[in-house]
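Have a look at the structure below before the remarks.
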Amino acid sequence: MGLFTGLATLPLAPVRGVVWIAERIHDEAHRQLYDPEVIKQRLEEVAEARENGELTEEEAAREEDELVRRLMSQGPPDGGLEV
């Protein structure tokens with residue numbers, strides 16, 4: 001970026017900063033929602049909560065259904081290649 005371009009676009013710097021932060025937040029939220037390891041960890045937590053009586057069968061089933069839906073929405077872990 002040249003000096004003139006840098007000076008001309010300087011007023012947009014705060015906007016670019018906010019956009020960059022928003023993109024990082026989006027990426028982290030997506031990772032937490034759809035990362036297979038995070039989902040598997042949450043499934044274990046739900047099973048433990050069910051065993052401890054912290055969740056009813058219905059609550060646990062709903063939570064598990066949502067987690068499995070998220071996990072399946074990412075497609076097969078091997079990229080869908082058939083053997």
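Just so it is clear, none of the values below were taken in a lab; they were calculated from the coordinates. Here the structure is a predicted model, which is why all the values come from computation and not from measurement. All Cβ positions, even for glycine, are placed from backbone atoms using ideal geometry, and neighbour counts span all protein chains on display.
Remarks
- Positions within the range 1-57 being among the basic types (Lys, Arg) and under 30 Å from residue 72 (Cα atoms), in sequence order: 24, 31, 40, 42, 50
- Against the test of being more than 22 Å from the chain's Cα centre (by Cα) and without any contact (Cβ under 8 Å) to a residue 40 or more places away in the chain, the options 16, 70 yield a single qualifying residue, 16.
- Residue list for the range 9-56, filter: within 17 Å of residue 67 (Cβ to Cβ) and aromatic (Phe, Trp, Tyr): 34
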